[in-house]
Amino acid sequence: MSSTMTKRSLQCVLDELGRRFNYHFYGDRPTNSNAKPEWFFTQLSVWISNNIDYFDENGQNFVDDVSFFAAYEIKLKFNV
């Protein structure tokens, strides 16, 4: 996949994750509770775990194409 296509596909996935984040953690939703910060971290962990294969394949290709990220391994950064 070309770098441009990889960037577009990553942007689509990140936009969706952004929408989910905004839904859960802004406004009057029960998930936006200062008394329950573990909900925030648990949800982020679930999203990362559910999408790590996609990011490993596509995100790693994108990172590899960007020279100032040399030798950056996505899976190692998330300890998956």
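The values are calculated or read from the model by the stated rules, or taken from the named source; none is laboratory data. Quick caveat: nothing in here was measured; it's all calculated off a predicted structure. Glycine gets a Cβ as well: all are built from the backbone with ideal geometry, and neighbour counts include every protein chain shown.
Looking at this structure, is Tyr72 aromatic (Phe, Trp, Tyr) and at pLDDT below 80? Lay out the reasoning, then the answer.
Values: aromatic (Phe, Trp, Tyr): yes; at pLDDT below 80: yes.
Against the criterion (aromatic (Phe, Trp, Tyr) and at pLDDT below 80), Tyr72 qualifies.
List every residue pair whose Cβ atoms lie under 8 Å apart, where the two residues are 6 or more positions apart in sequence or sit on different chains, the first residue falls within region 40-62 and is within 13 Å of Leu10 (Cα to Cα) and surrounded by 15 or more Cβ atoms within 10 Å (Cβ to Cβ), and the second residue, located anywhere, is of a type in the set (Asp, Glu) and modelled with pLDDT under 80.
Note: pairs meeting the criteria are Gln60/Glu73.
Hey, can you tell me all the residues within region 1-59 that are assigned to a loop (DSSP other than H, G, I, E, B), of a type in the set (A, V, I, L, M, F, W, C) and either in contact with a strand residue (DSSP E or B) (Cβ under 6 Å, 6 or more places away or on another chain) or at pLDDT 85 or above (or both)?
Ala35
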